[in-house]
Amino acid sequence: MNATWFKEPKYAWVGLGSLWIIGFIGALTRFSMAYFQVKISEDLEISRGFISMTWSTNMLITALCAPLGGWLVDRYGAKKVLLISAAMGTLGTGIVVIGEHSTVFFIGYAVISGLAGIGATTTYLLMFEWFSHHRAKAMALLTSANSIGLAITTPIFVSQSWLTWKDAFLTSFVLSILISLPFIMLGVKGSQQSKVTTAKVDGSIEAENHDHDKPHTDTVAPSLKSSGHLPIFILVAIALFTCGINMGTVEMNLVAIHQMANVSPSMIALSMSILGILEIIGSFAFGFLLDRFNKLVMMAMLFGIRIMGFAFLFMHLGWSPILFAIAFGMTYLSVIPGGFLIVNEYAKGKGKQMGFLFIFHQGGAILGALIGGLSFDYFKNYQVLIGFDVVICILVTVGFVSLYLSRRRSHRLHDVQHVKVSA
C-alpha cells in the first residue's frame, strides 16, 4: 500500500523536495548573469550586446530542445531525461568556470548549458503525473526554489565585494556534482515506478473533478475539449511568448535599467531581494488561487499586475525599483504553470505539447533580451523595451478577459437552451 501525505503519494513530495533543491542551486547562474553583466563585460572584454546574444542563444537552444525533451520523456521516462539535462548543465557551467575567453564563455553557457533544455518541461510533467489534489500548489513550491535562491544569493554577493561571477558559477558547478545529480538518481522515481500509481492518480483526478475543483470542469475543461479549444491554446502560447519577453527584460536588463536611472547600489540590492521574496509569495498565492478559481481570470489578473509593475519601472520614480519588484515578483513564476495547467486539461500533459508551448516562452525571452541590447545601443536607454512590455501585457490581459467573457456567455446560452428544451 502506497503511503500518502495530504492525499498525495509520499514519493511525490519526496520528488518535489529533490527537484526544489536542484532549482535552488540553479539560481546561482541566473543571479550571476543578471547582476554581474557589467563585470562579465569588463573581465572578458565583450559588449553587453555579446552577453545578450549569449543569453539569447542559450534560450534558443533550450527552446529547440524542449519539444525533443518532451518526446524523450514520453518515450523513455522523466528520470533519464533529467539526468542528461543536469549533466549538460553541469558541464556547461564547468566550461564557463575554466574559460578565460569570450568564445569559451559562449560555448559553455550558450551552447552546452542550452542543451540542458531537453529537461525544461520535465519537472512540470512530473507535477502533472505525481499530484492530483495539490497540483498548482506543488508547481508553486517547485518554482519558488529559484526565487528563494535569488533572495538568499543577492545579499551575500552584494555584501561580500570579493565574490565574483566566477565564484557563483564555480559554486553552482560543485553543488551540481555533489547534490543535483545524486538527488535526481535517488529522489526521482523512474517511469516504471510511477506507473504503479497511475490508476490511483487518475482516480483521484476524477474524484477531484467532482469535489472542490468542480468549477474547473464547468468553466475551462469543457471549452478545451470542444471545437473551441484552439483559441485557448493560441492565447496561452501568446501569453507564454509575452511572459518570455518580460523575463528577457528582467533577467538580462533590470540591473542595467536601474543603473541607467542612477539608482543606488543599496536600493538595487534591496529591490532584487524583494523581487526574489515576492516571487515566492506570489507563486504560493497564485498556486492556491489556480487550484480554486477560473484559470482564465487568474491569468488576466497576473498580466494586469504586470502592467502596473512595468508602468512604475517606465516612470523611474524614487520608489520604482521597489514597486516594480513587488508587482513583477508577485506574478513572475505563475504564468508558465498557469498556462500549462490550462492546456493540460485537454492535452493531458503530453510532453510534446508542453515542449511546443515552451518554445513560445523561450522565443519571447530571446526577443526580450535582443530588444534590450539593441535599444540600449541605439537609444542609450531601455525605455523602448519597457514600453513594449507594457503594451504586450495589455494585449494579453484583454485577450484573457475577452475569452473568459465569451466562454461565460456561451455557457449561459447553453443553459438557457437546455432549460427551454427541458420545458
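The values are calculated or read from the model by the stated rules, or taken from the named source; none is laboratory data. As the structure is a computational prediction, the values presented were derived from the model and not from experiment. Cβ placement follows ideal geometry from the backbone for every residue including glycine, while neighbour counts extend to all protein chains displayed. Ligands, DNA and RNA are stripped out before the accessible areas are found, and what is left, the full protein with its side chains, is counted by its heavy atoms. Shrake-Rupley method; radii C 1.70, N 1.55, O 1.52, S 1.80 Å.
Take the stretch 141-182 and flag every residue that is among the small types (Gly, Ala, Ser) and farther than 28 Å from LYS79 by Cα. If you could, list the steps in order and put the result at the bottom.
In the first step, residues of the stretch 141-182 are kept if they are among the small types (Gly, Ala, Ser); the result is 144-145, 147, 149, 151, 159, 161, 168, 172, 176, 180.
Within the stretch 141-182, ALA151, SER159, SER161 meet the criteria.
Out of (1) under 29 Å from ILE371 (Cα atoms); (2) small (Gly, Ala, Ser); (3) open to solvent by less than 20 Å² (accessible area, probe 1.4 Å), what's the single condition that is false for GLY77?
Condition not satisfied by GLY77: (1).
Test THR197 against the criterion of being open to solvent by less than 20 Å² (accessible area, probe 1.4 Å), at pLDDT below 80 and in contact with a strand residue (DSSP E or B) (Cβ under 6 Å, 6 or more places away or on another chain), and give yes or no.
On the way: open to solvent by less than 20 Å² (accessible area, probe 1.4 Å): yes; at pLDDT below 80: yes; in contact with a strand residue (DSSP E or B) (Cβ under 6 Å, 6 or more places away or on another chain): yes.
Judged against the criteria, THR197 is a match.
Can you pull out the residues in the stretch 1-23 that are part of a helix (DSSP H, G or I) and in contact (Cβ under 8 Å) with a residue 24 or more places away in the chain? Spell out the reasoning first.
Our first condition is that a residue be part of a helix (DSSP H, G or I); within the stretch 1-23, this holds for 10-23.
Matches in the stretch 1-23: TYR11, ALA12, VAL14, GLY15, LEU16, GLY17, SER18, LEU19, TRP20, ILE21, ILE22, GLY23.
Can you name the residue in the stretch 355-411 that is in a helix (DSSP H, G or I) and of a type in the set (Lys, Arg) and, of all such residues, is most open to solvent (accessible area, probe 1.4 Å)?
Result: ARG409.
Going through the stretch 24-46 one residue at a time, which ones are open to solvent by less than 70 Å² (accessible area, probe 1.4 Å) and free of Cβ contacts under 8 Å to residues at least 12 places away in the same chain? Before the answer, list the steps.
First pass over the stretch 24-46, keeping only residues open to solvent by less than 70 Å² (accessible area, probe 1.4 Å): 24-38, 40-41, 44, 46.
Selection gives SER41 alone.
Would it be correct to say that ILE148 is at pLDDT below 90 and open to solvent by 20 Å² or more (accessible area, probe 1.4 Å)?
yes
Taking the stretch 86-113, which residues are at pLDDT below 90 and farther than 16 Å from ILE46 by Cβ?
Result: VAL97, ILE98.
From PHE6, PHE50, PHE36, grab the single residue that is among the aromatic types (Phe, Trp, Tyr) and at positive phi. Spell out the reasoning first.
Working: PHE50 fails: at positive phi; PHE36 fails: at positive phi.
Testing whether each residue is among the aromatic types (Phe, Trp, Tyr) and at positive phi leaves just PHE6.
Just need a number here: residues in the stretch 48-66 that are in contact (Cβ under 8 Å) with a residue 60 or more places away in the chain, over 19 Å from the mean Cα position of the chain (by Cα) and open to solvent by 10 Å² or more (accessible area, probe 1.4 Å).
3
Does THR143 qualify as being more than 22 Å from ALA87 (Cβ to Cβ) and open to solvent by 10 Å² or more (accessible area, probe 1.4 Å)? Lay out the reasoning, then the answer.
Values: more than 22 Å from ALA87 (Cβ to Cβ): yes; open to solvent by 10 Å² or more (accessible area, probe 1.4 Å): yes.
So THR143 passes the test.
Residues checked against (1) at pLDDT 85 or above; (2) farther than 20 Å from HIS316 by Cβ; (3) of a type in the set (S, T, N, Q):
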{"site": "GLY228", "(1), (2), (3)": "no, yes, no"}
{"site": "ALA239", "(1), (2), (3)": "yes, yes, no"}
{"site": "GLN259", "(1), (2), (3)": "yes, no, yes"}
{"site": "SER271", "(1), (2), (3)": "yes, no, yes"}
{"site": "PHE284", "(1), (2), (3)": "no, yes, no"}
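Can we say PHE314 is over 20 Å from the mean Cα position of the chain (by Cα), modelled with pLDDT of 90 or more and of a type in the set (Phe, Trp, Tyr)? Even if it seems obvious, please write down each step before you answer.
Numbers: over 20 Å from the mean Cα position of the chain (by Cα): yes; modelled with pLDDT of 90 or more: yes; of a type in the set (Phe, Trp, Tyr): yes.
So PHE314 passes the test.
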